[in-house]
């Protein structure tokens, strides 16, 4: 049971770290649209977050499989309590995972919107430059 608790604590710490990273990315995306040379950076961060979400999904499946196995060393009461704790941990992780996926999608949308806005601004500047050239 201590292994499951250790995994749960590790996953909670990782979830908190991911929550902070997503908040940083959202703040960064809101503060300044990425320049052309920065296109690779945010994409890589999003890919890393997606990989972490996938890893957490796998850990959830591992915990689910552990909750259903036989526990000969434990009596029925301890097993039942441990199973409930594990099920709550799994539910908590699934909820957090869904939240992280939602935040990831929102960050991706924000990034795409910022890129589109930057392109619209560039197009407007280009049109203005053409108008000035025509008038001169």
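In the range 32-57, what residues are at pLDDT 75 or above and out of contact with any helix residue (DSSP H, G or I) (no Cβ under 7 Å at 6 or more places or on another chain)?
Here is the first cut: in the range 32-57, the ones at pLDDT 75 or above are 45-57.
Of everything in the range 32-57, those that are at pLDDT 75 or above and out of contact with any helix residue (DSSP H, G or I) (no Cβ under 7 Å at 6 or more places or on another chain) turn out to be 47, 48, 51, 54, 55.
Could you identify the single residue in 127, 135 that is modelled with pLDDT under 85 and loosely packed, with under 11 Cβ neighbours inside 10 Å?
Values: 127 fails: modelled with pLDDT under 85.
Just one listed residue meets the conditions, 135.
Of the residues that make up the range 74-89, is at least one closer than 27 Å to residue 25 by Cβ, surrounded by 14 or more Cβ atoms within 10 Å (Cβ to Cβ) and modelled with pLDDT of 80 or more?
Within the range 74-89, the subset closer than 27 Å to residue 25 by Cβ is 89.
Then drop every residue that is not surrounded by 14 or more Cβ atoms within 10 Å (Cβ to Cβ), which leaves 89.
Subset that is modelled with pLDDT of 80 or more: 89.
Yes, the range 74-89 has at least one match.
So which residues in the range 58-71 are surrounded by 12 or more Cβ atoms within 10 Å (Cβ to Cβ) and either at pLDDT below 75 or not in a helix (DSSP H, G or I) (or both), if there are any at all?
Within the range 58-71, 64, 66, 67, 71 qualify.
The values are calculated or read from the model by the stated rules, or taken from the named source; none is laboratory data. Since the structure is predicted, the reported quantities are computational estimates derived from the model, not experimental observations. Glycine also receives a Cβ, built like all others from the backbone with ideal geometry; neighbour counts cover every protein chain displayed.
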